[in-house]
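**Student:** Questions regarding the structure given below will be posed in turn.
The values are calculated or read from the model by the stated rules, or taken from the named source; none is laboratory data. What you see is a predicted model, and the numbers here were worked out from it, not measured in a lab. Neighbour counts run over all protein chains shown; Cβ positions are idealised from the backbone, glycine included.
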Amino acid sequence: MLSLAKKFLEINLKRIFSHIPVISIEMLDHYLNEAIRQTIIDANIKYAGKISVESWTDLQYLIDTDTTIEAVFLYRLERLIYVNEGDSLILHYLAGMMKRRTGSEIYYSTHIGPGLNVQHGFGIVIGPRYKIGENFTIHQGVTLGQKNLNSPNEIIEIGDNVTIFANAVVLGNIKIGNNVRIGANSVLLTDADENSVYVGAPAQKKGQ
C-alpha cells in the first residue's frame, strides 16, 4: 500500500514541478500509512452509507474522482510531516500540489480533528495556526483568514460539528463553539456561541 501511494504522489508531483529533491520524496515513507489511515476515517464519515473505504485502493479511487478527498489526503500528509519534521521542503511541494490539483489551500500548521469534510472544495482557504475540532464541514469558496493584516498572530478556534456554507468568510481572532452553522455568503467577525446559526454580513446569531 505504501509503495503504491508513494508512487502516486511521486508521479503527480513530477508532473507539476520540474525538480524535486529525492530526499524530500523519501521522507513520505515515514508518514504515508498514517495519512492514509486518517483520510480513510474522513472519507468514511463523508460518504457514510454510500461508499465503504477500507484500503488505499478504495481511497485512490476517490482521490481520482473527487478532488475534495485528494485535498484532505494531502492536508493529512502535510500535517504529519509538519508536526514531526517542522517546516520541511517537501511541504511546499505538497502544498503547491494541493493548490494546483484541487483548488484548495489548507495550511499544514492548522490542526483539524477527524471527520474533515470538504464539499465542492474549489476556492477554500484555511489559514495557518488555527485549531479546528472534529466533524468539520466546509463548502466551496470559504475563507478562514486574518481580519487585520498587521496582526499575523490572529487565531481562529473552531469547535466540533461545525459547518460553514459556500462563500462564507470568517476573519479575525475569534472562537466558534460546538454545533455552529454559518450561512452561505456570511461574514463572521465575532465569536460564535455553540449550538447556533449565524447568517448575514456581518453575521448575526439567528437562533439554534
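**Student:** Identify, by number, the condition in (1) surrounded by 15 or more Cβ atoms within 10 Å (Cβ to Cβ); (2) without any contact (Cβ under 8 Å) to a residue 12 or more places away in the chain; (3) not acidic (Asp, Glu) that LEU149 doesn't meet.
**Tutor:** Just one mismatch for LEU149, condition (1).
**Student:** Within region 162-179, can you find the residues that are over 25 Å from GLY103 (Cβ atoms) and either touching a Ser or Thr at 6+ places or on another chain (Cβ under 9 Å) or among the β-branched types (Val, Ile, Thr) (or both)?
**Tutor:** Answer for region 162-179, where residues must be over 25 Å from GLY103 (Cβ atoms) and either touching a Ser or Thr at 6+ places or on another chain (Cβ under 9 Å) or among the β-branched types (Val, Ile, Thr) (or both): ASN173, ILE174, GLY177, ASN179.
**Student:** What single numbered condition from (1) touching a residue at least 24 places away in the same chain (Cβ under 8 Å); (2) buried (at least 18 other Cβ atoms within 10 Å of the Cβ) fails to hold for SER186?
**Tutor:** Evaluating SER186 over (1) touching a residue at least 24 places away in the same chain (Cβ under 8 Å); (2) buried (at least 18 other Cβ atoms within 10 Å of the Cβ) leaves (1) as the failure.
**Student:** Can you tell me how many residues within region 30-66 are hydroxyl-bearing (Ser, Thr, Tyr) and either under 21 Å from ASN84 (Cα atoms) or modelled with pLDDT of 95 or more (or both)?
**Tutor:** 2
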